[in-house]
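Have a look at the structure below, then the notes.
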Amino acid sequence: MEHLPVVVVGAGPAGLAAAAHLVERGLEPLVLEAGPVAGAAVAQWHHVRLFSAWSELVDPAAARLLESTGWQRPDPEVYPTGQQWAQLYLQPLAKALGERVRFNTQVTGVARRGRDRVVDAGRDSEPLTVHAGDERITARAVIDASGTWSTPNPLGGDGLPAAGEVAAAERITYRVPDLSDADVRARYAGKRIVVAGSGHSALTALVALGQLAEQVRGTKVVWLLRRGAVGNVFGGGDADQLPARGALGQLAQAHARAGYVDTVTGFRTAEVEQTADGLVLTSQDGHRLDPVDEVVVLTGFRPDLSWLSELRLELDATLQAPVALAPLIDPNVHSCGTVYPHGVKELSHPEPNVYLVGMKSYGRAPTFLAMTGYEQVRSVVAAIAGDRASAERVELVLPETGICGGAGVFDQPADDAGGGCCGTVGAQPVTLSVGAPN
């Protein structure tokens, strides 16, 4: 199968880095991207500034390939927006890879050639078949770097859409609003807005909407947390080894202290009701919020595994991440930002030569860094090339968040949180910052 390409699904940061490593190893990649351009998902949060600087956003093999074309590396100390990351790095990288990258190509399935997942015979010797519409592409290996952007988690507290959530879709968004767009700004200015979620995307939205509330009278933000207390949701602050990430939490906290953000803890949404006065959200224990005009749902993402159904994947029952990786990233176990650098050993499956990398490898776990994805693909490509020594060698040290110690998803029961449902931040220090889902 050495003459066959390695198919990479997704032309985002991890997918294009994998292609660059494959080229450097003398292997032929074929990158299949559903969108019209490289970094199509990144382009959808183009207005958000990352909390990683350029020094942490450029893969080494990709840089070597780009530099051979005369590409100039951006200032390593600058924090780019999503738009800058796509335009100054991802799109030039795709151009350098040339015809190895195909756009507007939706992968609909992957299987072992001529065998469904039940058949044992030939799984070690037959190549893989990638289905892209009516086209069938034979591959020696498949690296799934398709990410999770297309499958955001719903508002409902049980992981499924709340009653009435789908019907109210016109007033609910699952992305950080781009308030530099006049139409988007008009949608939220002077309105009462719910932001649901506790990750960096939620903090970014709180900062943007908090600034809007400072500028436009009548704008009010209600922040819904499923956890029973605010706790360490604002992050490690000055102790975070990614300063912009720490600053994001501090800025969000400041907006809350200033009174522009009301915080409601222990609220797990069960129903969204459309009334004449706006949307009324009801929690699973019967608490009802006052009517709001808009809802911004930033409760994380989940992997789309539907088109991998004929492959033998070994995924953790909780996170839907590879079983060897899951204990390192499980938010129910720890909140410490240090994740042990990992590679092919943690990312392998019973199905030979199939790997989930990048954000998709984390399943439903949060806080993925580009550096993590670059180390993953370096190791995986080394393994495909037969260089096991390099594949199993750790070549990355990750920055710490500055917070550790068993926070979990629900770190404190609502009735032990000093106010439970519908409590406010009050004197709690609050910080928002301009960070990004990186």
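Some points to look at:
- Accessible solvent surface per residue of segment 279-341, calculated while the other protein chains remain in place, 1.4 angstrom probe, Å²: 42 Å²
- Were the residues from ARG123 through ARG185 laid out at 0.36 nm apart, the gain over their Cα-Cα distance would be 17.0 nm.
- Estimated inter-spin distance, GLN106 and LEU396, nm [label 7 Å along Cα→Cβ]: 3.0 nm
- Remark: spin-label model distance MET1-GLN274 equals 5.0 nm, labels positioned 7 Å along the Cα→Cβ axis.
- Lysines whose Cα lies under 19 Å from that of LYS191, excluding same-chain neighbours fewer than 8 positions away: LYS220
- Cα-projected label distance for ARG64 with ALA163, points at 7 Å along beta-carbon direction, nm: 5.9 nm
- By the rule of a C-alpha distance below 28 Å, with chain neighbours fewer than 8 residues away ignored, the lysines paired with LYS345 are LYS360.
- Looking at segment 94-156, the accessible area is 48 square angstrom per residue; that uses a 1.4 Å probe and ignores ligands, DNA and RNA.
The values are calculated or read from the model by the stated rules, or taken from the named source; none is laboratory data. The structure presented is a predicted model; accordingly, all values stated were derived computationally and were not measured. With ideal geometry, Cβ positions are generated from the backbone for all residues, glycine too; neighbour counts draw on all protein chains shown. Only protein heavy atoms, including side chains, enter the accessible area calculation; ligands, DNA and RNA are left aside. Shrake-Rupley method; radii C 1.70, N 1.55, O 1.52, S 1.80 Å.
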